[in-house]
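Structure, as structure tokens:
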């Protein structure tokens, strides 16, 4: 996708053939061209604190073992024995120095080396070389506790792949001192619908909120009462900034401002405000950040976005509307991965991240808020979204699916450049826009090739 001035050209370039959401042939190309050519988030270092720890995850359509070896190094290994292809690990997590195949007993060290072959001296040729049968291993990089991997040997290093988004990731992590950890076990669910549908929702979709999540507004989960209780100011509004990068990563952030303000320039940053965190922590938060990071984080009520291709995040605050009577406004940060099972079903994995420095009581409440809203068992949000995603799939599942296209022209040409926004990338002031989805699908289209434009 590229910008185009004429409406006819816009229609061509900002629409997606709906077969891309239901056709397994398209998904097969995505596995080869998108997933294998990208860095994928597989988890977090805090899930694997000790040598021998492992978790079982997916990279595209490959099952992998994410492991920390005896020297503390991370590895991502294909979860398939080099002999007959048997799945090595069936448990979702554990601790093991070795993985032994249940079929013929081939044994691999937790760094992927083949170390044991039953009958190797009596039954195999003398020149049999175990090192030729080590488990296939992906490239692994750990950035600030985020574990990424890729099968590609010729794409840029992770820091270059993150591009401009790296600044925003650093800013979000530095907010609370920079040290974060996964709290509680990750959650998993399977939704009906294509992986891109749920991912572009997180990329920057504010358009669906009033319709899909009307019940949340009716319950008072959003509105002036939340931010007003924190800021103690008069009539308030939410000013949205949408940011997309050339790499397909996105961020949408909503800032609490006085009604009528059209930029972030009017905020009083002499006393930064960190919505959803205890006031007694605010001074320490400011001391841990650069002035530009303070400008980004102060007064921010919600932030969400995507690390291309299929990792998403949400940082938002709620109060006792989803908690217990008397609960204070509390923030939660959830990171998610959307892995395709097939073209019409997606596995969603959720992690709640909390600052290490926060109290145990605060961490428990933050985790509870995430579980009650942004999880398969939540009482809001996910249930609403999953219902719509399944309806999208049902409506696109027929033989006439190619008779219509999916449109991404919302807000095109209407955003105001956010020149005072502290971070890099193409940022715009606009509340309702598919600016971010266009960035996501431009990158997807570039990788898929001309036939998907």
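List of remarks:
- Among 383, 243, the order by Cβ neighbours within 10 angstrom, fewest to most, reads 383, 243.
- Using the rule -39500 (n - 2.57) for each DSSP H run of four or more residues, divided by the residues of the chain, the 222 nm mean residue ellipticity is -7000 deg cm²/dmol.
- Rounded tilt (10° steps) of 382-396 against the dominant C-alpha axis of the chain: 70
- Cα centroid separation, segment 405-453 to segment 296-311 (Å): 15
- Ordering 130, 259, 363 by the number of other Cβ atoms within 10 Å of each residue's own Cβ, fewest first, gives 259, 130, 363.
- Taking Cα atoms only, the orientation of helix 195-204 departs from the longest principal axis of the chain by about 30 degrees.
- Against the chain, whose longest principal axis comes from its Cα atoms, helix 435-448 is set at around 20 degrees.
- Measuring r between the beta carbons of residue 210 and residue 188 and using R0 = 41 Å, the FRET efficiency lands at 0.90.
- Segment 101-193, relative contact order [Cα under 8 Å, separation at least 6], %: 14
- 25 °C / 0.890 mPa s Stokes-Einstein diffusion coefficient of the chain, Kirkwood radius on C-alpha pairs, µm²/s: 105
- Ranked by how many other beta carbons lie within 10 Å on average, peptides 334-344, 153-163 from highest: 334-344, 153-163
- Note on segment 58-93 and segment 113-165: Cα centroid distance 10 Å, given to the nearest whole angstrom.
- For the peptides 106-115, 398-407, residues were scored by their other Cβ atoms within 10 Å and the scores averaged per peptide; the highest-first order is 106-115, 398-407.
Each value in this text was obtained by applying a stated rule to the coordinates, not by laboratory testing. On a predicted model such as this, the values are computed, not experimentally measured, just so you know. As a convention, Cβ positions derive from the backbone with ideal geometry for all residues, glycine included, and neighbour counts pool all protein chains shown.
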